[in-house]
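The values are calculated or read from the model by the stated rules, or taken from the named source; none is laboratory data. These figures come from a predicted structure and were not determined experimentally. Cβ placement follows ideal geometry from the backbone for every residue including glycine, while neighbour counts extend to all protein chains displayed.
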């Protein structure tokens, strides 16, 4: 991601006493808690990952050997989290420009959060970036290497919190990432964490609106997205009634967020990439093709097809026919021959998709084929 040397420290030396299970190896989706954290760091190009082990060290080290993470073993019988942090910071002195720090039981931070924190550090050169969700502090922290020595010299009784708290120039950064403040401290917390990980790929309507709020989406674009979601819901319900299995949550969420990056030149691709970084992997592929479908989806009814057609049937926040929609486009680009050819090609594709869908659903509904 950057030419800078960025590292990460994951502390995993403790007894997991309140969890009554060894937290690093608890199941998290298709992997484990420790693998989830390592993998997310690696996805932003961080390969210098330090895992501080202690309790069940050999078992943990064998489990993550394939990742390339560097394991530092602590005396877990005496170790506190701050001791583990210091072990990692001591190792990284002169080896990096900044380092993320997180306890192992907080693995669900997003790629987006990591990227934003790195950008913020590059811009402001703060001592520590503390990520927050709804103003609540979370993990991972991002620590400037210029502060390593001062943290290592702390001799107070308040651990990592005390060492960080005495630094100047701390930066609290609010991010759209509930995972920042979630951990597996207790069995109940772990169940919440697992459920969130399972549901995160497809955000709820409330979460979609919070995303619009965070990115300051203009009201006219939000209104358009809401109408596309309404049309998409109607189409998908009709198709479901006729025996097609469609995930209506995906249709709704993808429609609500399909124009999140509308102000960008290639807004479909950029919006899809952003949603993927935010952890919304269930809808990012739908958003990516909402402007133009690939070969498969032109002839197969999927959530992609539904959102694509719903978007074509809405101009601003008004439901119109495909003919009206594309005539409007042609008028806007009438002096651009190449653009008009592209619009005509897309119109033919949209007509094909509309015919495919409306041959199946009841044409007596509110939405009519052209």
Can you tell me which condition residue 87 does not meet? The list is (1) surrounded by fewer than 18 Cβ atoms within 10 Å (Cβ to Cβ); (2) without any contact (Cβ under 8 Å) to a residue 40 or more places away in the chain, and all the others hold. (1)
Please find, within the stretch 230-250, the residue that is modelled with the lowest pLDDT out of those that are assigned to a loop (DSSP other than H, G, I, E, B) and within 28 Å of the chain's Cα centre (by Cα). 245
Looking only at the stretch 154-176, which residues are modelled with pLDDT under 95 and part of a loop (DSSP other than H, G, I, E, B)? 154, 155, 156, 157, 158, 166, 167, 168, 169
Every residue from the stretch 251-271 that is over 18 Å from residue 218 (Cβ atoms) and not in a helix (DSSP H, G or I): 266
Step by step: first the residues of the stretch 37-60, then only those that are touching a strand residue (DSSP E or B) at 6+ places or on another chain (Cβ under 8 Å) and surrounded by fewer than 16 Cβ atoms within 10 Å (Cβ to Cβ), then the one that is farthest from residue 16 (Cα to Cα). Which residue is that? 45
Which of the residues belonging to the stretch 57-91 are touching a helix residue (DSSP H, G or I) at 6+ places or on another chain (Cβ under 7 Å) and either in a loop (DSSP other than H, G, I, E, B) or under 17 Å from residue 140 (Cα atoms) (or both)? 64, 69, 74, 80, 81, 82, 85, 86, 89
Filtering the stretch 172-226 for residues that are more than 24 Å from residue 287 (Cα to Cα) and touching a strand residue (DSSP E or B) at 6+ places or on another chain (Cβ under 6 Å) leaves a count of 5
